[in-house]
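*Asks:* The structure follows.
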Amino acid sequence: MLISYLFDNLKVEKIILDTNINNTRAQHVYEKLGFKKIATRINSFKNQLGVFQSSIDYELINNDFLI
């Protein structure tokens, strides 16, 4: 509902998000909604233990939104 609201009511042109490369459940959901992978960032941040983590960037435009 939030994504629909952003596109339909607020006229947002693009939604950009990222997720930890190990969070495959979130990646699956994002891709089912129509998000496209645009980049993989290796060692892009450190977690709370100081260990480097990698992330995947996604974007979604209204025409690709699948719900």
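The values are calculated or read from the model by the stated rules, or taken from the named source; none is laboratory data. Note that the structure is a prediction, hence the values are computed from the model and not measured. Note that we place each Cβ from the backbone using ideal geometry, even for glycine, and neighbour counts take in every protein chain shown.
*Asks:* Select from the stretch 18-35 the residues that are part of a helix (DSSP H, G or I) and within 18 Å of Phe65 (Cα to Cα) and list them in ascending order. Give the steps one after another, and end with the answer.
*Replies:* Taking the stretch 18-35 first, the residues part of a helix (DSSP H, G or I) are 24-33.
Within the stretch 18-35, Ala26, Gln27, His28, Val29, Tyr30, Glu31, Lys32, Leu33 meet the criteria.
*Asks:* Among the candidates Ile38, Ile42, Ile15, which residue alone is surrounded by 16 or more Cβ atoms within 10 Å (Cβ to Cβ) and either assigned to a strand (DSSP E or B) or not polar (S, T, N, Q) (or both)? Working first, answer last.
*Replies:* Working: Ile38 fails: surrounded by 16 or more Cβ atoms within 10 Å (Cβ to Cβ); Ile42 fails: surrounded by 16 or more Cβ atoms within 10 Å (Cβ to Cβ).
Of Ile38, Ile42, Ile15, the one residue that is surrounded by 16 or more Cβ atoms within 10 Å (Cβ to Cβ) and either assigned to a strand (DSSP E or B) or not polar (S, T, N, Q) (or both) is Ile15.
*Asks:* When you look at Val29, is it modelled with pLDDT of 95 or more, farther than 28 Å from Lys11 by Cβ and not acidic (Asp, Glu), yes or no?
*Replies:* On the way: modelled with pLDDT of 95 or more: yes; farther than 28 Å from Lys11 by Cβ: no; not acidic (Asp, Glu): yes.
Against the criterion (modelled with pLDDT of 95 or more, farther than 28 Å from Lys11 by Cβ and not acidic (Asp, Glu)), Val29 does not qualify.
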